[in-house]
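Structure first, then comments.
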Amino acid sequence: MSYEKVTQLQSKVIIGTKQTLKAMKNGEISEVIVADDADQQLIRKVLDLAKALNIPCERVNSKKKLGIACGIDVSASTVAIKKDSFGE
């Protein structure tokens, strides 16, 4: 389901670990999606911060498929969905 959600909300996503962490700290994110096949050290920071901030976190199998869902030609380890995409 998460791949479809990302595809539908392409204009409302933040792609990448650094950008996701920054947006989470700024309170801009309603949900985070991480790829299970990503470097675990990289995504651990995102998972820990999401837990601390009570941001829902979904997991998907493939960073390559996540990148495709974002409309980019490279893999994406983490994707964040902006709050305003849900009218929050």
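The values are calculated or read from the model by the stated rules, or taken from the named source; none is laboratory data. For clarity, every value in this text was computed on a predicted model and none was experimentally measured. Cβ atoms come from the backbone with ideal geometry, glycine included; neighbour counts cover every protein chain shown.
Against the test of being at positive phi and under 13 Å from the mean Cα position of the chain (by Cα), the options G67, G16 yield a single qualifying residue, G16.
The single condition among (1) in contact with a strand residue (DSSP E or B) (Cβ under 6 Å, 6 or more places away or on another chain); (2) modelled with pLDDT of 90 or more; (3) outside any strand (DSSP E or B) that K22 does not meet is (1). Here the range 17-29 is the region considered, the condition is being within 20 Å of D73 (Cβ to Cβ) and of a type in the set (S, T, N, Q), and the residue that is surrounded by the fewest Cβ atoms within 10 Å (Cβ to Cβ) is Q19.
Contact map, the range 36-64: first residue within 15 Å of T17 (Cα to Cα), second residue part of a helix (DSSP H, G or I) and among the charged types (D, E, K, R), Cβ cut-off under 6 Å, separation 6 or more or different chains; pairs are D37/K63; A38/K63. Could you list, ordered by first residue, the pairs with Cβ atoms under 8 Å in which the first is in the range 24-35 and closer than 19 Å to S2 by Cβ and the second is among the hydroxyl-bearing types (S, T, Y) and not in a strand (DSSP E or B), at least 6 apart or interchain? Pairs that qualify, where the first residue is closer than 19 Å to S2 by Cβ and the partner is among the hydroxyl-bearing types (S, T, Y) and not in a strand (DSSP E or B), are I29/T20; S30/S85; V32/T20; I33/S2; V34/S77; A35/S62; A35/S75; A35/S77.
Summed over the range 1-16, residues that are surrounded by fewer than 19 Cβ atoms within 10 Å (Cβ to Cβ) and either part of a helix (DSSP H, G or I) or of a type in the set (K, R) (or both) total 8.
Restricting to the range 30-88, what's the tally of residues that are crowded, with 20+ Cβ neighbours inside 10 Å, part of a helix (DSSP H, G or I) and of a type in the set (S, T, N, Q)? Counting residues in the range 30-88 that are crowded, with 20+ Cβ neighbours inside 10 Å, part of a helix (DSSP H, G or I) and of a type in the set (S, T, N, Q) gives 0.
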